[in-house]
Amino acid sequence: MATAQLTRLVEEQNTVWQRMLDIRSAAETDVRDLTAEERANWDAAEARLTEVSGDIERMNKMAALEKIDRGQIVATSKDSDEREGDDGKKRYAEAFGLYLRGGMDRLSGEQRVMLMNHQVDLRAQGTGVDPAGGFLVPDEFRNTLTETMKAFGGLLGLAEVITTSTGADLPWPTNDDTNNEGEIIGENTAAGEQDLLFGARKLAAYTFSSKQVKVALQLLQDSAFNLETWVPRKLGERIGRRAARSFITGTGVDQPEGITTNAVVGKTGASGQTTSIVYDDLVDLEHSVDSAYRSNASFLMHDMTLKVIRKLKDTQGRPLWVPIPAPGFPATINGFVYSVDNSMPTPAANAKSIVFGDLRAGYLIRQVLDVQTMRLVERYAEYLQVAFLGFSRIDGMIQDPSAIRTYQHAAS
């Protein structure tokens, strides 16, 4: 990321914001409405503020993608490759790169055996191994895929994420002991009893496909083309967009349970607020979450919802939205940080357009460690193209319903 450019944008954002505050302050001091000139200046400043804020968001997203392109992803997962040592992982990555460019024919006997020993076994899902073949991707490929998904799905970077080595169903215990408390006992009095009650939920591993990505044979033959980065990035973008939508609005039936699907509504807008939000509603939403969670709470919303909230003021006329004070510091809404995920619903009748609470405590994402990719040669041979197909097994669910609440717009 160009640090100097980001600093300039943050400074301009704060300058424009201060200009808007000065315009409003002048009118409030004189106890009058804005003049025509002041309204024009305000509108122009607000338009520029929107542009600058958007540029800052885009630069932050670009930084995540550039990090991928520069190969700065640090592997954090532990799998069977660690047992093979660094040399084994390097040899496997080289073999996988040759497989992407030329298929099995380009591999030596040792490399073929190496890939075959790393075929993905889908039997844990109740599905047979695909006879067409599919190989585990090397660490660099898998981690690039994960990071790209984070760039396109805000919730993935906020929720608790666990990684498992297989796709077998994973029981997940739950407990809510908040209605129980201790007691005061008198002398020579036996202590009472109160058992801990545990519930159980289950995390599956639903298969998300990238659809086919076709690559011209000429590019595969061009060693200057960074295929090892380009392919996972494209697969990650596609899977990431679809997974992000499931994490937000998934039904929970043969797909992840979205965070808005079964979350408790903390505040419903009054009649007529089908697309609008008022200050009091946000305060009520914040306090619908128990104070035990609010120290780590944040907002999650679509960019169009943020646009509505940026125009809100508190009872003292102060804007709820506060811009980034300096690079490295987040913008806030009523003192809480926020994240934009454009898979969230936009303001509309009955829409749950805002999630508030401790998102890490409230939502759980399960990823299966093994990512599978397939190389389709014959299907597009007449077009001199080779297709790649990626799969990732994922699930998600609300793990602590008390940690999050939603804002829902009025029905009419």
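The values are calculated or read from the model by the stated rules, or taken from the named source; none is laboratory data. None of the values given here were measured: they were computed from a predicted structure. Positions of Cβ are generated from backbone atoms using ideal geometry, with glycine treated the same way; all protein chains shown enter the neighbour counts.
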Starting from residues that are within 23 Å of the chain's Cα centre (by Cα) and not in a strand (DSSP E or B), keep the ones in region 157-179 and report whichever is surrounded by the most Cβ atoms within 10 Å (Cβ to Cβ). GLY167
Restricting the search to region 293-326, which residues are touching an Asp or Glu at 6+ places or on another chain (Cβ under 8 Å), modelled with pLDDT under 90 and among the small types (Gly, Ala, Ser)? GLY317
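Yes/no matrix, rows are residues, columns are (1) of a type in the set (Gly, Ala, Ser); (2) modelled with pLDDT of 60 or more; (3) more than 30 Å from ALA297 (Cβ to Cβ):
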{"site": "GLY71", "(1), (2), (3)": "yes, no, yes"}
{"site": "VAL74", "(1), (2), (3)": "no, no, no"}
{"site": "ARG91", "(1), (2), (3)": "no, yes, yes"}
{"site": "MET114", "(1), (2), (3)": "no, yes, yes"}
{"site": "LEU122", "(1), (2), (3)": "no, no, yes"}
{"site": "GLY128", "(1), (2), (3)": "yes, no, yes"}
{"site": "THR144", "(1), (2), (3)": "no, yes, yes"}
{"site": "THR148", "(1), (2), (3)": "no, yes, no"}
{"site": "LEU158", "(1), (2), (3)": "no, yes, no"}
Lone qualifier among GLU57, GLU82 - being among the acidic types (Asp, Glu), surrounded by 12 or more Cβ atoms within 10 Å (Cβ to Cβ), part of a helix (DSSP H, G or I) and modelled with pLDDT under 70: GLU82
If we scan region 306-318, do we find a residue that is surrounded by fewer than 15 Cβ atoms within 10 Å (Cβ to Cβ), in contact with a Leu (Cβ under 8 Å, 6 or more places away or on another chain) and either among the charged types (D, E, K, R) or within 23 Å of SER402 (Cβ to Cβ) (or both)? yes
Conditions (1) in a helix (DSSP H, G or I); (2) at pLDDT below 95; (3) of a type in the set (A, V, I, L, M, F, W, C): number failed by ALA224: (1)
Take VAL264 and decide whether it is in contact (Cβ under 8 Å) with a residue 12 or more places away in the chain, within 21 Å of ARG379 (Cα to Cα) and in the same structural domain as SER392 (by TED's automatic domain parsing). no
Filter region 209-263 down to the residues that are aliphatic (A, V, I, L, M), touching a strand residue (DSSP E or B) at 6+ places or on another chain (Cβ under 9 Å) and under 22 Å from LEU158 (Cα atoms) and list them by number. LEU235, ILE239, ALA243, ILE248, ILE259, ALA263
For region 192-204, does any single residue satisfy the condition of being in contact (Cβ under 8 Å) with a residue 60 or more places away in the chain and touching a Lys or Arg at 6+ places or on another chain (Cβ under 7 Å)? yes
Checked region 235-261 for anything touching a residue at least 60 places away in the same chain (Cβ under 8 Å) and basic (Lys, Arg); matches are ARG238, ARG241, ARG245
Sole exception among (1) surrounded by fewer than 18 Cβ atoms within 10 Å (Cβ to Cβ); (2) over 17 Å from the mean Cα position of the chain (by Cα) for VAL337, by number: (2)
Take the residues of region 189-198 that are outside any strand (DSSP E or B) and modelled with pLDDT under 80: which is farthest from GLU257 (Cα to Cα)? GLN194
For region 279-298, what are the residues that are within 14 Å of THR406 (Cβ to Cβ), part of a loop (DSSP other than H, G, I, E, B) and of a type outside the set (Ser, Thr, Tyr)? VAL289, ALA297
Among the residues of region 29-41, write down those that are surrounded by fewer than 10 Cβ atoms within 10 Å (Cβ to Cβ) and part of a helix (DSSP H, G or I). THR29, ALA36, GLU37
In this structure, does ALA361 turn out to be free of Cβ contacts under 8 Å to residues at least 24 places away in the same chain, more than 26 Å from ALA27 (Cα to Cα) and among the aliphatic types (A, V, I, L, M)? no
Hey, ALA297 of a type in the set (Gly, Ala, Ser) and within 17 Å of the chain's Cα centre (by Cα) or not: yes
Considering only residues of region 343-395 that are in a loop (DSSP other than H, G, I, E, B) and modelled with pLDDT under 90, which is surrounded by the fewest Cβ atoms within 10 Å (Cβ to Cβ)? LEU384
With ARG201, ARG233 as the choices, which residue is in a helix (DSSP H, G or I), of a type in the set (Lys, Arg) and either in contact with a Ser or Thr (Cβ under 8 Å, 6 or more places away or on another chain) or over 20 Å from VAL368 (Cα atoms) (or both)? ARG233
Any residue in region 201-212 that is hydrophobic (A, V, I, L, M, F, W, C) and at pLDDT below 85? no
